[in-house]
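Structure first, commentary second.
Every read-out reported here was derived from the displayed coordinates using simple, explicitly stated rules and does not represent laboratory data. Since the structure is predicted, the reported quantities are computational estimates derived from the model, not experimental observations. As a convention, Cβ positions derive from the backbone with ideal geometry for all residues, glycine included, and neighbour counts pool all protein chains shown.
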């Protein structure tokens, strides 16, 4: 099973080296009270790395590249988060990162056998329903979180992986068409569209406009792949019609959007530096202040700005570590999403899942980074793995687990199919 | 001081760079091992015509005349979407997905059948041999 | 297989789009970073120098200078305090900041600076020549466009801060050359150009009108002449030298001067007619008003009064000076003025070197030569004793402001000397409050410019 021992040893080593180099950078450039702080942080990160390397040995996967990328990113994330403002080990983020790793493995175990999932499709729909209900009942426009003890959960986040699953599981049933009146209808398409519409409505109701594009992108990717699936018989004309209708809807939506949305869309951050444009303008100033190589871990001023560790985290990292490093970080996440390009999945189910996960990650990153840098309206979404937030990290972990499942799938027959035809009695010989 | 700052930032970035590079290489190395693994899972089978062979590269292989089919048989006797090959537990199964002319396995008309090595699959006028994969380089 | 390839294609498309977006973002960040820095509270400003290396603005605030050292350039060079926003520093503060994306903010030894074309010594001399009277002067090299003098009285020394801003005299924080003012008879230069452009030189010289000290126009309003006994019958040259209002009123009424062509020519020269939206020149970020007047009916008093340079007409001294360049160069194209010769970045590399630019063609070369001749003749006939040592083409003007309560004195002109190509505009406000004349200022200006270069 461990096909490339040398590569894996090297991967482990270089992950450790990358983290150590970052720690060295803190040691020389950072702002800290005493070296002990760095020692604790370093020990925690390295121990987590090594522990994870040991743990993944227990999972008999075909591919481990994503595991190494994940631990690399999470280690970076812990180091980043511990250095904002001043070097000090961020225990909470450390724990959420461990949760993320666990969620990743959970997602992997769950999704590796797609036939099983496809049979349990109704449960997925049920789970989405429950999550939507929870979102509706327990959260409001003012507060998107549910507080349980000292932990807060954002239920709308959990809909994302479920929705990805729903998109992926509906693929296989594409051929089952039903005739309703004169239309050939695929129930799955309607169900999925319904789910999407319900989720969007719930998001609009809870004023969570940041997640909307993420869901829309997942749906678009799922939809595109579904209609590309052989026998879907979706003519180009229909496709363009659907796109046109969508564009019209978006335009109408923007035109008649509520005032506070309109306001968000047209805010000029530099003329409103202390008001609505505060976060963005400070973020841009922070990036400018950091330059290519940053001012040094812990030496930035952005840590005094609201949401420095999630909404504008890209700018905070750029300021302290330099734009170059922030770009590297983004590159690492892109490569995670791009692993299915190097190593193609072996089933359309996993392919769709990878594409949906990739869309979700990239759109979220784009919204966060471009939003905080004033290219597009600012929305409060998180960068996967880097931003703080338990729900976000856990969900990102789950989604990476799905990617991993696509890399190391199992193709098991299902119970019902086992009992079918015995060896034919007569075989035609050539 | 200024230059030291710069050097360590650059070193950290470079280390990260190299690490990413190594991981990409790892992914590429895995490409080979996953291929091997896939062959194990799929019993290393392929479909062959007289002078052509078709790889079975994923768990659902669609055979048909349509351009989007995985194995395209440009023959009017073959339906646009004719048959689907699926694999589970290393066993390949063929399934009719609404073809006009049906599937004949070793001369027998079926809707769904488990495939064995050296089975002859007849789709319309085309005959395909289900056999162990042969390395093209060996041949 | 094909379906799997499709998913891969989609993934690569998404990633490509994102990378494209990131590239745009990085490009934008690197290019706009100095702007972002200016919006923070962290500045490390450099110096503004004049043409001989004299400091005009010290961004570090650490140098020590004589009292009122920056007084004469206070409201044109300005500072970064935000009190004045139409100044050189306020509009070019990014260039002055010791910051670049790759080098970061440099605390000490940054070499970011703006090298202006101004001549501090001449500027100060001119400023001081005003004494207790108010006004402004602008002068530039009409061949290259280098602004040499731009003084506005009263002014302020920016190093002294704004604590007693309440006691500042009105207009202290404004650079008057950039603002529209009533041009008085200097407007007749524009009217002459228009007439020349429409009729041609020989046709215009053939026209002569009688002035009896007062002219009742066709609608029954009276246009007064400053000479109540009248100038008698004059041609254009004599009327220009006499600055005779009745002559110009009759010229406007002449059938050879169709109003639509007059309006067209005025608009070409930069006038905003009949209350249209104001137009500004941007000179190194500094907003400079152009000109505006009312031209509605050529037999109406208002229109005639506008062409004589009173009433609604407003022209900025800079604009008056720029027209002189179009005449003096005999090209009909204005030389566009500039303040910033070059800028140095953090490391002292020269960038943004200024180039001479010209406006669109405002009038023909022959018109320019004819107008130049009229101005030069006027200068030779009337100013050879008051502005000594220079072959100048000038036009003076007296503008009634505050509904006739005060009179401003103006003088526009140019020196006809290829080695000393100076165009200037001088304004003395409320001229009756003192004994200062525009000719005295012109003498000081030209002498200083001549001697300092």
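With the Cα gyration tensor of region C:138-216 in hand, convert its eigenvalues to equivalent ellipsoid semi-axes via √(5λ) and list them largest first in whole Å.
42, 19, 8
List the extent of the Cα atoms of region A:48-146 along each of their three principal axes, largest first, rounded to whole Å.
44, 44, 15
Count the DSSP beta bridges whose two residues both fall in chain C, then state the antiparallel fraction as a percent rounded to the nearest 5.
90
If you line up the Cα atoms of region A:235-358 on their principal axes, what length do they span on each, largest first, in Å?
Taking the Cα atoms of region A:235-358, the three principal extents are 55, 44, 19 Å.
Which residue, A:166, A:405, A:288, tops the fluctuation ranking in a GNM of chain A built on C-alpha contacts under 10 Å?
Answer for the Gaussian network model of chain A: A:288.
Output the Kirkwood hydrodynamic radius of chain C, Cα pairs only, in Å rounded to one decimal.
The answer is 23.8 Å.
Go ahead and run the numbers for FRET between residue B:108 and residue A:57, Cβ-Cβ distance against an R0 of 41 Å, rounding to 0.05.
Efficiency at R0 = 41 Å is approximately 0.30.
Just to confirm my numbers, what's the Cα centroid distance between region A:275-306 and region A:80-112 in Å?
Between the Cα centres of region A:275-306 and region A:80-112 lies a distance of 24 Å.
How many nm separate the modelled label positions at residue C:287 and residue A:198, each set 7 Å beyond the Cα in the direction of the Cβ?
5.6
Using 10 Å bins from zero, what percent of all Cα-Cα pairs in region A:256-321 falls into each bin?
23, 44, 24, 8, 1
For region C:173-275, what is Rg from Cα atoms divided by 2.2 N^0.38 Å, rounded to two decimals?
Normalised Rg, Cα atoms only: 1.15.
Compute the FRET efficiency between residue C:254 and residue C:214 as 1/(1 + (r/R0)^6), taking r as their Cβ-Cβ distance and R0 = 25 Å, and round to the nearest 0.05.
After rounding to 0.05, the efficiency reads 0.85.
In Å, the Kirkwood hydrodynamic radius of region C:328-376 over pairs of distinct alpha carbons?
13.0
Antiparallel DSSP bridges in chain B: what percent, to the nearest 5?
95
Counting helices only, and only those DSSP H runs with n ≥ 4, report the 222 nm mean residue ellipticity of the protein assembly as shown as the sum of -39,500 (n - 2.57) divided by its residues, in deg cm²/dmol to the nearest 500.
-15500 deg cm²/dmol
Kindly provide the Kirkwood hydrodynamic radius of the protein assembly as shown in Å, to one decimal, from all pairs of distinct alpha carbon atoms.
Answer for the protein assembly as shown: a Kirkwood hydrodynamic radius of 34.8 Å.
Ranked by Cβ crowding within 10 angstrom, fewest neighbours first, how are A:112, B:131, C:51 ordered?
B:131, C:51, A:112
Tell me the Rg and the Dmax, in Å, that the Cα atoms of region C:244-309 produce.
According to the Cα coordinates of region C:244-309, Rg and Dmax are 13.4, 43 Å.
Once you have a ≥ b ≥ c as the square roots of the Cα gyration tensor eigenvalues for region B:41-131, tell me rounded if a/c is under 1.5, and otherwise prolate or oblate according to whether a/b is larger than b/c.
rounded
Take the Cα pairs of region A:5-407, get the Kirkwood Rh, then feed it into Stokes-Einstein at 20 °C and 1.002 mPa s and tell me D in µm²/s.
Diffusion coefficient, whole number: 96 µm²/s.
In what order do B:53, A:206, A:318 fall by count of nearby beta-carbon atoms within 10 Å, going from fewest to most?
Lowest count first: B:53, A:206, A:318.
Using the Kirkwood radius built from alpha carbon pairs, what does the Stokes-Einstein equation give as D for region A:1-88 at 37 °C and 0.692 mPa s, in µm² per second?
Approximately 239 µm²/s, per Stokes-Einstein.
Return the ratio Rg/(2.2 N^0.38 Å) for region C:305-360, where Rg is computed over Cα atoms only.
1.64
On a 0 to 90° scale, report how tilted helix A:390-407 is relative to the longest principal axis of chain A, with both axes built from alpha carbons and the result rounded to the nearest 10.
The helix A:390-407 is inclined about 50 degrees to chain A.
Could you work out how far apart the two model spin labels at residue C:268 and residue A:268 are, taking each label as a point 7 Å from the Cα in the direction of the beta carbon, and quote it in nm?
Simple spin-label model gives 3.6 nm for this pair.
Let me have the relative contact order for chain A, percent, based on Cα pairs under 8 Å that are six or more residues apart.
25
Distance from a point 7 Å along Cα→Cβ of residue C:102 to each backbone N in region B:9-23: keep the residues under 20 Å and list them by number.
Under 20 Å, as judged by backbone N against the label point of residue C:102, lie B:9-14 of region B:9-23.
Could you list C:43, C:349 in order of exposure, starting from the residue whose Cβ has the fewest other Cβ atoms within 10 Å?
By the 10 Å Cβ count, ascending: C:349, C:43.
Which residue, A:16, A:101, A:398, tops the fluctuation ranking in a GNM of chain A built on C-alpha contacts under 10 Å?
A:16
Please determine, in degrees from 0 to 90 and to the nearest 10, the orientation of helix A:323-342 with respect to the longest principal axis defined by the Cα atoms of chain A, where the helix direction is its Cα long axis.
20
Over all alpha-carbon pairs of region C:352-446, lay out the pair-distance distribution in 5 Å bins, whole %, shortest bin first.
3, 12, 19, 20, 16, 14, 10, 5, 2, 0
Taking every DSSP beta bridge with both residues inside the protein assembly as shown, roughly what % is antiparallel (nearest 5)?
90
Which residues among region C:292-309 fall inside the zone where the amide N is under 16 Å from a point 7 Å beyond the Cα of residue C:400, along Cα→Cβ?
C:301-309
FRET efficiency for residue A:247 and residue B:24, Cβ-Cβ distance as r, R0 = 41 Å, nearest 0.05?
With R0 = 41 Å, the Cβ-Cβ based efficiency is 0.65.
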